[in-house]
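Engineer: Could you have a look at this structure, given as structure tokens, before my questions?
The values are calculated or read from the model by the stated rules, or taken from the named source; none is laboratory data. Please read these numbers as outputs of a predicted model, since none were measured by experiment. For neighbour counting, all protein chains shown are included, and Cβ atoms are generated from backbone atoms with ideal geometry for every residue, glycine included.
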Amino acid sequence: MPSFIDGPTLRALLRPSTNGRRTKISDSGGGGGGIFKMFKLMPMLSSGCKMVALLGKHNRALLADHATTVTLFGHRRGRVSLAIHEDTRSPPLFLIELPMLTSALHREISSGVVKLALESDTRSARRRLVEEYVWAVYCNGRKAGYAIRRKEASDDERHVLRLLRGVSMGAGVLPAAPEKEGGVPAGPDGELTYVRARVERVVGSKDSEAFYMINPEEGGNAGDNSGAGGGGAPELSIFLVRMK
């Protein structure tokens, strides 16, 4: 069965959405801004751990609305996890550990644009797209391997999501969970990095969805081509597709 990466399903998701925003991804790849610029300063953001820890102690999220958010996080020398939230005060809508190292994601981020595509070739009439379990994962057009969606977050993942409960978007370094709570010991391997962005969710059909980062530098318009650097392209795009 051919991959959707080269097929019409992905092209359909790249068409303009119904609200008039252009969701086509530019191939110019120039620079990238916004959150990715912040991510490149990540070694300087370690002091921000205290602020994020304080935010995580609140009983409710500090976000003004319930915009869909995407979070990529992981230990520097471990694998990266992807969480999609409709509301950061609730468990993630979709949570999966990707078959790629966090350091590999950092290299992709340095290019300015990250396109993650997850393809499922299993289908059930009773399951929504985000409820499928087995996914083939592609990053910027290259196959990374296979991953299985998590039904429940691990202790380490719950620690990260709890710290980020009041964060709407940003990038940086988080303190590791205490060892007594199942966390990885502090140190080079224990540092947790994260990128969180608000996204526009585009539903192509019951078998295809896309999430495009809303870039605050471009007035929340994911496809405004007047922006500087990267031709106004979304820096982060995530595609979920179930093969027919």
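Engineer: Can you pull out the strands (runs of 3 or more DSSP E) entirely within segment 126-188 that have at least 3 residues that are at pLDDT below 95 and within 18 Å of the chain's Cα centre (by Cα)?
Structural biologist: Correct list: 170-174.
Engineer: Looking only at segment 117-169, which residues are hydroxyl-bearing (Ser, Thr, Tyr) and in contact (Cβ under 8 Å) with a residue 12 or more places away in the chain?
Structural biologist: Ser120, Thr122, Tyr133, Tyr138, Tyr146, Ser154, Ser168 - these are the residues of segment 117-169 that are hydroxyl-bearing (Ser, Thr, Tyr) and in contact (Cβ under 8 Å) with a residue 12 or more places away in the chain.
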